[in-house]
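Comments concern the structure below.
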Amino acid sequence: QVRLMETGGGLVQPGGSLRLSCVASGITFTAYTMDWYRQVPGKERELVASITSGRTTKYADSVQGRFTMSRDNTKSTVYLQMNNLKPEDTAVYYCHGKRYNDVWGQGTQVTVSS
């Protein structure tokens, strides 16, 4: 069964940190480009960060220098380390995998508020 499961969301104060994890199953994980997207109500889903099978990373301008994406192929897991969080980072964060098909996780809520 193809599945992506995100964990690690929650409530954090501005300036704080969170680490999201996404565990993949049912796919050839090492061959997939993996991404993190986020979405707030009424807006389109936004690409936050991506990492290729060769570990090349890209980031949205809004998170560059604050977020770091990594992957552990031995655990079929990708991570998103989020530092210096801002209220505008509040969103549901989705894990996404792409090779010949698209695979999505169910999402995890991140809320940045004092």
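The values are calculated or read from the model by the stated rules, or taken from the named source; none is laboratory data. Here the structure is a predicted model, which means the values were calculated and not measured. Here Cβ is always computed from backbone atoms with ideal geometry, including for glycine, and neighbour counts include all displayed protein chains. Remember, those area values only see protein heavy atoms, side chains included, never the ligands or the DNA or RNA. Shrake-Rupley method; radii C 1.70, N 1.55, O 1.52, S 1.80 Å.
So which of ARG71, ARG19, ARG55 is farther than 20 Å from VAL92 by Cα, open to solvent by 60 Å² or more (accessible area, probe 1.4 Å) and of a type in the set (D, E, K, R)?
Values: ARG71 fails: open to solvent by 60 Å² or more (accessible area, probe 1.4 Å); ARG19 fails: farther than 20 Å from VAL92 by Cα.
Step by step, each of ARG71, ARG19, ARG55 is checked, and only ARG55 is farther than 20 Å from VAL92 by Cα, open to solvent by 60 Å² or more (accessible area, probe 1.4 Å) and of a type in the set (D, E, K, R).
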Notebook entry, point to check: Which of the residues belonging to the range 91-114 are more than 11 Å from MET34 (Cβ to Cβ) and in a loop (DSSP other than H, G, I, E, B)?
Noted result: TYR100, ASN101, GLN106, GLY107, SER113, SER114
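Out of the residues in the range 74-114 meeting the condition of being more than 16 Å from GLY10 (Cα to Cα) and in contact with a helix residue (DSSP H, G or I) (Cβ under 7 Å, 6 or more places away or on another chain), tell me which one is least open to solvent (accessible area, probe 1.4 Å). Full working, then the answer.
We begin by selecting, within the range 74-114, every residue more than 16 Å from GLY10 (Cα to Cα); these are 74-78, 96-105.
Applying the additional criterion that residues be in contact with a helix residue (DSSP H, G or I) (Cβ under 7 Å, 6 or more places away or on another chain) yields 76, 99.
Details: SER76: 33, ARG99: 103 Å².
For the range 74-114, the residue satisfying everything is SER76.
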